[in-house]
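The values are calculated or read from the model by the stated rules, or taken from the named source; none is laboratory data. Since we're looking at a predicted model, the values are computed, not measured. Positions of Cβ are generated from backbone atoms using ideal geometry, with glycine treated the same way; all protein chains shown enter the neighbour counts.
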Amino acid sequence: MIISAIALSLLLFAAGAPAECLGEWSPHVVWHVAKIGKLTSELQLGPNGLLYALCGNKLIAVDENGNKLWESDLPDGSKSGCPVFDARGSIFIPGNALIQEVKLNGSKGWSFKVYQGSSKAAALLTTGPGNLLYMQLPTGLYAVDTAGHYKWMITQWDQVYNASTQLETDWEILASVGNDQAVFVIIGKKKEGYTLMAFGEGGKIRWRYSLGEIKQANLVVGGNGRVYATVNPKRTDDYYKGTVYAFESDGDGSPLWSYAMGCVDLTAPTPSEDGLLYFCADEKLYALNQDDGTEAWYEPLPKAISRPSVDENNMRYYLGTEDKRLLALNTEGRLDWNLTLDGKVSMRPMVGPDGYLYVVTEAGSIYKIKDEAPESDGG
């Protein structure tokens, strides 16, 4: 771990990048930190107000003024999954068949590692029932408490293999998420298709739903106890389509509704308190009604690629593009402004509790941006 406070070397800029304003709101770049590194998961805001950036096998902490406070090397890398925070003041990072605890000051805590045969797959990690950590690997589902104590495991994903003593290492996990009712995992094999499975306390399979032959998927939990999935097939035709699903956590596995479309680039969805579900696909921003999955509206946005974010206080929407722009839309879904940054914006912009936007680019930069309301003094 390297602990430092070297703001000058991070190239902070108060001046804004070129912007095109089509509405009354306008963007203002508060600071820009360059050369952080290419993030491997979305930027995270910790309970202490610091920003945490996971860049390969390094975790980097940045304060609200753009100062890099420290970076910590992580064992075995961290090639997939997002960091998980808890109320005790720890960050849990998934790695190659392990969970690593990192304190909010960058020091390392406990680690939990399992044997998974010859598989080199990196783990996915989420929280779930009982305030446990749930690590998913091709070999099974492992439950650990936040103090690093092993609780239980399921060594085979599908009950048909329960009697086997041979570890199945050719499963592939595409996505996972959890809430206080269950852990939801999309798992399968490339030649056999994929299934969304819901596991309750103790690893009991609550329900499952076949998704067929797909190449990529995303899962998000909503505040209403629902689980939303976007699924991208290997190809599109009359039978295979990109699809958005809604499930009840405590249901029987039958979708509440589904919305299909002929494309294969659906981003993860973003539920909003306004009753709509937002996602980006085919260079458009879509809004669906959460109750029944009907289309509320869509807006063409050339080169748009990131998952959208929603500012619930001002009801404004933000997403990034392949050609280095950050886009802001108003309550009608119309483009208000676009701001050119230093690299492709493929990850969801983060709306902080302070009302500022935090945006990362594939050039390895973090931006702090204020979306200025009409007649704002720009403070």
Return the total of residues in region 315-374 being acidic (Asp, Glu) and under 26 Å from GLY275 (Cβ atoms). 4
Scanning region 258-270 for residues that are modelled with pLDDT of 95 or more, part of a loop (DSSP other than H, G, I, E, B) and aliphatic (A, V, I, L, M), the one surrounded by the most Cβ atoms within 10 Å (Cβ to Cβ) turns out to be LEU266
Reported set for region 24-75 where residues are over 23 Å from LYS344 (Cβ atoms), crowded, with 17+ Cβ neighbours inside 10 Å and over 22 Å from the mean Cα position of the chain (by Cα) is TRP25, ASN67, LEU69, TRP70
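Please state which one of TYR318, TYR278, TYR298, TYR286 is among the aromatic types (Phe, Trp, Tyr) and under 25 Å from CYS55 (Cα atoms). Let's see the steps before the verdict.
Values: TYR278 fails: under 25 Å from CYS55 (Cα atoms); TYR298 fails: under 25 Å from CYS55 (Cα atoms); TYR286 fails: under 25 Å from CYS55 (Cα atoms).
Result: TYR318 is the single residue among TYR318, TYR278, TYR298, TYR286 that is among the aromatic types (Phe, Trp, Tyr) and under 25 Å from CYS55 (Cα atoms).
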Specify the residue that is surrounded by the most Cβ atoms within 10 Å (Cβ to Cβ); the eligible residues are those in region 206-235 that are among the β-branched types (Val, Ile, Thr) and more than 17 Å from CYS280 (Cα to Cα). VAL227
Selection count where residues are surrounded by fewer than 20 Cβ atoms within 10 Å (Cβ to Cβ) and either closer than 18 Å to CYS280 by Cβ or charged (D, E, K, R) (or both), scope region 238-257: 5
Among the residues of region 354-368, the number that are closer than 17 Å to ASP311 by Cα, over 18 Å from the mean Cα position of the chain (by Cα) and of a type outside the set (Phe, Trp, Tyr) is 3
Quick one: what pairs do we get from region 69-92, first residue acidic (Asp, Glu), second assigned to a strand (DSSP E or B) and at pLDDT 70 or above, C-beta under 7 Å, 6+ apart or different chains? GLU71/LYS58; GLU71/LEU59; GLU71/ILE60; ASP73/LYS58; ASP76/LEU98
On the given criteria, is GLY333 surrounded by 15 or more Cβ atoms within 10 Å (Cβ to Cβ), outside any strand (DSSP E or B) and not β-branched (Val, Ile, Thr)? yes
Test set (1) under 24 Å from LYS68 (Cβ atoms); (2) surrounded by 22 or more Cβ atoms within 10 Å (Cβ to Cβ); (3) not hydrophobic (A, V, I, L, M, F, W, C) - SER346 fails condition number: (2)
